[in-house]
Amino acid sequence: MNRPTHAPIQISPLAPAHADRAAALHVAGQPGTFLTALGPKVLAVLYRVLPVSPVGFGFVAAFEEGSPLAFAAVTTSTGRLFVEMGTRRLPALLPPLLTRFVQQPSLIVRSAQTVIYPFLAYDEEEAADQPVAELLAIMTDPTAQGQGLGAALITAATDACRQRGIALLDVTVDAANSGARRFYARHGFNFRRQFVLYGRDMALYRLPLVVS
Ligand SMILES: CC(C)(COP(=O)(O)OP(=O)(O)OC[C@H]1O[C@@H](n2cnc3c(N)ncnc32)[C@H](O)[C@@H]1OP(=O)(O)O)[C@@H](O)C(=O)NCCC(=O)NCCS
């Protein structure tokens, strides 16, 4: 996509109305990953829940008045978010999830790993006495990458974290995703360690935020 000359980037809060678009961006941005394998309908439930959950917030980015080309999603409790999806949102979640389980039974085991993932990623040394949030996803439409949308979303997400008194922002990324790892390092995230999830090496990064 050619960016309109000098078109300003517009950032808006992620809303349930963006859920289908966010799910489509997720599928395009992360081909071959577990969450993408669950399908856009399951992802749309996640992105409908997150912005109205007390433990979630996010942003979408666009050029001028255009449709969103990128989004970022943050949670202060991955565990509570999953519990919310599996309880209050179960009627919406179950049909698309069961369809995918029937089509691809191996997804059942990986779903169970996802529910215990907050515990896998947890490390005593990382236990912080400061409030921590997790950047669950940041995705830019493949046709619009490298044009500053991701950077604008990081700024919006970190500003929102500071406003909420969050002192640390964690992100887990596939260790082989060198582009995203460079992106996080450039935005001040520090590499913490690697761990294995879904049989793949994952890298955990943490961004310290100055809270005034
Ligand atoms: C990582 C990502 C969100 C960055 O968004 P973006 O809008 O391209 O970000 P910006 O334009 O602000 O910065 C681009 C930087 O991202 C990195 N990058 C990663 N993949 C890239 C790609 N396909 N094209 C361009 N830059 C890419 C580069 O380090 C680039 O830095 P540079 O400007 O020094 O070359 C985006 O590339 C993306 O959606 N990637 C696929 C999904 C993903 O891996 N998300 C992170 C894991 S949840």
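Rule-based calculations on the coordinates, nothing more; no lab input. Not measured: the values here are computed from a predicted model. Note that we place each Cβ from the backbone using ideal geometry, even for glycine, and neighbour counts take in every protein chain shown.
Structure data summary
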quantity	calculated
Cα coordinate range in segment 9-163, projected on the principal axes (Å, largest first)	42, 39, 27
Spacing of the two label points (7 Å from each Cα toward its C-beta) at R182 and F101, in nm	4.1
Efficiency of FRET from Cβ geometry, A175 and A24, R₀ 22 Å, rounded to 0.05	0.30
Virtual paramagnetic centre 7 Å along Cα→Cβ of R200, amide N under 16 Å, in segment 129-148	136-140
Diffusion constant of segment 150-212 at 37 °C, which comes from Stokes-Einstein with the Kirkwood Cα-pair radius and 0.692 mPa s, µm²/s	267
Given 16 as the ceiling on other Cβ atoms within 10 Å, longest exposed-site-free region of the chain for GluC sites (Glu not before Pro) in DSSP loops	66-212
Coordinate range along principal axes, alpha carbons of segment 7-68, Å, largest first	34, 28, 15
The chain: most fluctuating residue of P142, P16, P68 per GNM, C-alpha cutoff 10 Å	P142
Estimated distance in nm for a label pair at R192 and R164, the labels positioned 7 Å out from Cα along Cα-to-Cβ	1.6
